[in-house]
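Contents: one structure, followed by commentary.
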Amino acid sequence: MDAYLRALSERVLVFDGAMGTSLMAMELTDADFGGPRHHGCNEALVLFRPDVIATVHRSYLDAGADVLETDSFTASRLKLDEYGLGERTVELNRNAARIAREVAAEFSTPEKPRFVAGSLGPTGMLISSSDPTLSKITFDELADIYGEQSRALVEGGVDLLLIETSQDLLEMKAAIAGITREFDRGLRRVPIQAQATLDVTGRMLLGTDIRAVCATLDALAIDVIGLNCSTGPAHMRDAVRYLVENSRCFVAVIPNAGLPLMGPKGETIYPESPDELARELASFVRDFGVNAIGGCCGTTPAHIAALAEAARGHVGRAPEPKPLQYVASAMTATALKQDGSPLLIGERINAQGSRKIKRLLLAEDYDEIMLVGREQVDGGAHVLDVCTALTERADEDVQMATIVKKLAQSVPAPLMIDSTEPKVIEAALKIYAGRAIVNSIHLENGRGKVDSVMPLVRESGSAVVALTIDEQGMAKTAARKLEVAKRIYHIVVDEFGIPPGALIFDALTFTLATGDAEFLDSAVETIEGIKLIKEQLPGVLTSLGLSNVSFGLKPSARAVLNSVFMHHCVAVGLDMAIVHAKDITPYTEIDATERELCDDLVFNRRPDALARLIEHFEEKGTTAQTTAAVDDDAGMPVEVRIHNAILRRRKDGIEAKVDEVLRTRDPVDVLNNVLLPAMKEVGDKFGAGELILPFVLQSAEVMKSAVAYLEPHMSKSADHGRGKIVLATVKGDVH
Ligand code: THG
């Protein structure tokens, strides 16, 4: 076993404290940084004043730290370019590793080896954001940047790689991909430790919660998961508890010395004393079994000495292998196995299965597609299937990536990427911050599809749907379904090393609406197939494209037949289904006559089953057809409807509403007393942690449209001069 991981299983390890604040106290000159251009780039010191960095390292080992972090936090090529040091990226990172390695060697004993963590901070980009400048980078570019830095750190001698202070979950995924690609190219393998940064509401910058962080990272090739920076330990408590209870990894917690405050001269103050910090972290060790602790901003050797004292004699919890039971969006996670009911996967965003989506994709009306996503979630969908395949267009991958990115910012439901093209699946996975489901692989033309899609599945940590199709075609009998499933299981689990819980078998659904003799028993065979697969391949999950069963029937008949078929599949172990969630009715609530008509057809119990079902719904007419969802504020005054539109992020129709309100109010009144209060409420909800940042930005978009429409109506006389606005922010701020 790796020495660092073994040490983590034997005792609680203590990471060092802040580098930046220690350096600040030394009042270094331009010359120390190798010239004025590099001043403030602490990483430049490893080139020009290695002795200074070694001194800081020594101070922390003297204090009792077990692990040193290299002075390479902002030493990615992207960051070093800002100081004109990009060309020296490899040299700098190797030096940073060597300096720490040498100091660690001075202190290491056989009983207490000291470790070196190669520090990898954020690049400053925010690939998942909608900001055009900050997101102007690809997953592969980020992977290359992290790969280069990681290789140099490992060559310089680090014991582990530490991805830390991460703001964007997709950047973390890219960093892990960059590192594992280097391992695959022969780089010495070291453990990977990945630490996110959460704000006081417990979310990452773009609204990702700890559940999504845990679900996504647990599915990747990391060994230690954790949190660092931003707040003191108090705000991390719930998230830390979540990680120790749910993650399969060791857990590290490296907070600031308290939540930063502003001092009288505008300076940052970290309020927690060594004793306070140590008391809180000791409780994480004692109460939760955290495996590593340490200090981020504002911590000093005195803090680390107190932490070393607190950790002494303690052993953290032993991580247990866990089935990867969650998928995640960029916001939160969803359990693949719901309690007592199947996971519902919304089928409506499908260019093949919806005329409306096809029209919207042709028109590139993405906002409207987002509404289809949100409606499905409101209607009970836990996950959304997305398919953008159109024969009329050749850019399925571009449209898929666009929609996946937009959905990530507008719906909390994780996504299922539905495509037959590996290129499209790749485009989706490389823009998706969470843990997705890939739909699908099969053996129709031999192993080709599996061999091209599985590396993408593995690198992204996705779950994957496998259809029971092989060279002989779609498996129609239960025995054939099992046979194909076994073959796929062998390839996916044994060859690609994917855990069985990430493999979802689709035993195929055929329509019962044609009366075709070949398919009379198809539902029975599918039900039996699900049962066999669940029995003989323990740990795998099952799914179906449920609505296929009723293709060709009237909508009212379809909703009932789909519900009945789903009920029988769930009874034998079906875990999830692609459906129109709001049309699914619980079996017990279905009218007894209709239930029996459907059961007759599903189980092929009488030759006239189909005819009787069709006849029944013919007579019943179309009343059961679903009516389009209407806004619940339809009868309200227009002021309320505008307010709601901003709060609910609905841009469609905002101009008509503004037109309407202008009949009774003047434009300035509308701006001050209708629009601004709505936006203020959005701001208040954000402040209270009820809304995440991407939602606020979408509300702001609605506001912008309303104001843009209002502007020409504002009379010049109402213009009281533009005045002066002074905006101040800090370097590197994200706004
Ligand atoms: N297995 C897996 N994936 C799948 C399927 C499957 N993905 C696609 C499909 N099958 C599941 N999705 C749908 C989506 C829509 C419909 C059926 C299945 C559907 N649409 C109506 C129709 O075509 O008549 C609505 C038409 C419209 O609104 O325009 O029934 O089996 N793994």
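Points to keep in mind about this one:
- GLN352-THR588 pseudo-label distance in nm [points 7 Å out on the Cα-to-Cβ vector]: 3.7 nm
- Packing-based ranking, highest mean first, of 378-385, 448-455, 390-397 given that Cβ atoms within 10 Å are counted: 378-385, 448-455, 390-397
- Near-label residues of the range 153-171 by backbone N, under 14 Å of a point 7 Å along Cα→Cβ of THR268: 165-166
- The slack between LYS704 and THR477, meaning 0.36 nm per residue of separation minus the straight C-alpha distance, is 76.0 nm.
- For the chain, the share of accessible area belonging to carbon and sulfur comes to 53 percent (1.4 Å probe, ligands and nucleic acids excluded).
- Per residue, the chain exposes 42 Å² of solvent-accessible protein surface, assessed with a 1.4 angstrom probe and all protein chains in place.
- Using the Cβ-Cβ distance between ALA335 and GLU309 with R0 set to 35 Å, the FRET efficiency works out to roughly 0.30.
- Point-charge dipole on Cβ atoms (K/R +1, D/E -1) for the range 3-139, about Cα centre, debye to 20: 380 debye
- Leading residue at positive end of dipole, the range 135-218 (Cβ point charges), from ILE210, LEU198, TYR146: ILE210
- Taken over the range 176-320, the convex hull of the Cα atoms encloses 135 Å³ per residue.
- Distance from the C-alpha centroid of the range 498-548 to that of the range 1-72: 57 Å, rounded to the whole angstrom.
- Between HIS713 and ASP367, the contour length at 0.36 nm per residue exceeds the alpha carbon distance by 121.9 nm.
- Size descriptor for the range 260-363, Kirkwood hydrodynamic radius: 19.1 Å (Cα pairs only, one decimal).
- For the range 128-171 versus the range 669-716, the spacing of their alpha-carbon centroids is 35 Å.
- Across the range 505-588, the relative contact order, built from alpha-carbon pairs under 8 Å that are at least six residues apart, equals 34 percent.
- Residue-span extension gain [MET636 to PHE551] - 0.36 nm each, minus C-alpha spacing: 26.6 nm
- For the chain, the residue among TYR60, GLY178, LEU467 whose Cα projects farthest onto the positive side of the dipole built from Cβ charges is TYR60.
- Charge dipole (debye, nearest 20) of the chain; +1 at Cβ of Lys and Arg, -1 at Cβ of Asp and Glu: 320 debye
- The distance between label points at THR55 and GLU87 comes to 3.0 nm (points 7 Å beyond Cα on the Cα→Cβ vector).
- Considering only beta bridges that DSSP places wholly inside the chain, some 15 percent are antiparallel.
- Rg/Rg_globular for the chain, with Rg_globular taken as 2.2 N^0.38 Å and Rg from C-alpha atoms: 1.06
- The chain: relative contact order as a whole-number percent, Cα under 8 Å and 6+ apart: 9 percent
- Estimated inter-spin distance, ASP131 and LYS423, nm [label 7 Å along Cα→Cβ]: 3.3 nm
- Of the residues THR511, ILE99, LEU120, the one whose Cα sits farthest toward the positive end of the charge dipole of the chain, with +1 on the Cβ of Lys and Arg and -1 on the Cβ of Asp and Glu, is ILE99.
- Average Cα contact separation per residue, the range 456-536, under 8 Å, 6 or more apart, as relative contact order %: 36 percent
The values are calculated or read from the model by the stated rules, or taken from the named source; none is laboratory data. Note that the structure is a prediction, hence the values are computed from the model and not measured. When we count neighbours, we look across all protein chains shown, and the Cβ atoms used for this are built from the backbone with ideal geometry, even at glycine. Accessible surface areas use protein heavy atoms only, side chains included; no ligands, DNA or RNA. Shrake-Rupley method; radii C 1.70, N 1.55, O 1.52, S 1.80 Å.
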